[in-house]
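The block underneath contains the structure these notes are about, expressed in C-alpha cells.
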C-alpha cells in the first residue's frame, strides 16, 4: 500500500512541477526533454544489465518505440500546457479519465472480452463527468481544447502501451528494456526539436528536467511494484481516484483554482465511474 500511495504522490507531483515551471520561467519543452534523459538513466541503472543493441533490434516492438517516443514528448508537452493554462485539477482529470479509451480499445485486439453492464454505465458516466469538469465560461474555449486533446491523446497512448505490453512483450526483462528505449527515443526527439529551433539550452531547464524526471520514473516504478503486490483491481481504481482527488485538493488549496458546483459534481462522478469501469 505504501508503493501505491507513493505512486499517487509522484504522479500528482508531475502536474505540480508543470505549474511551478511558469513561476520560475522554465522552458517546458527543454525540461521535458531532460526529464526523459533523467528517467532513461535511472531506468538503465536500475535495470542493472547490459543492453545488447543487436538483440534489441530483433525485438518485434522496436519500431513501435520510435512512434511512442515522439508521442510521449508531444503528449507531455500538451499535459504541461494544459496544467499551466487550465490548472492542476483539470489536467489530472483529462489524463486519468482517458482510461475509458483503453478500456474500450482492448476489444479490438481481444474480442473475447465481454463488457459488463457496470463497465458500460461507467464509461457513459465518465463521459458525463468529463463534460461537467471541463464546463467553464465561454471565454475559455481555447484552453479547454488542450484538455480535450490531452484526454484523447493520453487514452490513445495508454491503449498503445497496453497492446504492446499484453501482445508483443514477452517478459519483465523485455518490458524494462522497452521502457528504457522509449525514454531514450523521447529524449532524442526532444533534443532534435531544440536543435532544429536553434534554442539555447539553459542550465536551469536541465535542472528542472532532472526534478521532473525523478518523479516521472518513480511513478512508473512504484505502480509496477503496486501491481505485483496488490493486483490490477486494487491498484488502478485507487490510483486514478487518488490522483484526481489529491490534484483537486492541491489545486484548490495551493493554487486558488476555482471549481464550480458543476465541476465538483464532475469530480465526484469521475471517481464513481472509475470504480464502475475497473470493477470485476
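So, in region 186-233, how many residues would count as being surrounded by 14 or more Cβ atoms within 10 Å (Cβ to Cβ), more than 19 Å from the chain's Cα centre (by Cα) and at pLDDT below 90?
1
Residue by residue through region 174-196, note down the ones that are touching a helix residue (DSSP H, G or I) at 6+ places or on another chain (Cβ under 9 Å) and either more than 19 Å from residue 64 (Cα to Cα) or not in a helix (DSSP H, G or I) (or both).
Once the filter is applied, which keeps residues that are touching a helix residue (DSSP H, G or I) at 6+ places or on another chain (Cβ under 9 Å) and either more than 19 Å from residue 64 (Cα to Cα) or not in a helix (DSSP H, G or I) (or both), region 174-196 yields 191, 193, 194.
Since residue 36 meets every condition but one in (1) modelled with pLDDT under 95; (2) surrounded by 20 or more Cβ atoms within 10 Å (Cβ to Cβ); (3) within 20 Å of residue 164 (Cβ to Cβ), which condition does it not meet?
(1)
Of everything in region 138-170, what is modelled with pLDDT under 70 and outside any helix (DSSP H, G or I)? Give them in sequence order.
170
State whether one or more residues within region 201-210 are outside any helix (DSSP H, G or I), out of contact with any helix residue (DSSP H, G or I) (no Cβ under 6 Å at 6 or more places or on another chain) and within 20 Å of residue 161 (Cβ to Cβ).
No, that holds for no residue.
I'm checking my understanding of the structure. Among residues of region 250-259 that are in a helix (DSSP H, G or I) and in contact with a helix residue (DSSP H, G or I) (Cβ under 9 Å, 6 or more places away or on another chain), which one is farthest from residue 272 (Cα to Cα)?
Pass one, region 250-259, residues in a helix (DSSP H, G or I): 250-254.
Among the residues that remain, those that are also in contact with a helix residue (DSSP H, G or I) (Cβ under 9 Å, 6 or more places away or on another chain) are: 250-252, 254.
Working: 250: 20, 251: 21, 252: 21, 254: 25 Å.
Only one residue tops the list, namely 254.
The values are calculated or read from the model by the stated rules, or taken from the named source; none is laboratory data. Here the structure is a predicted model, which means the values were calculated and not measured. Glycine gets a Cβ as well: all are built from the backbone with ideal geometry, and neighbour counts include every protein chain shown.
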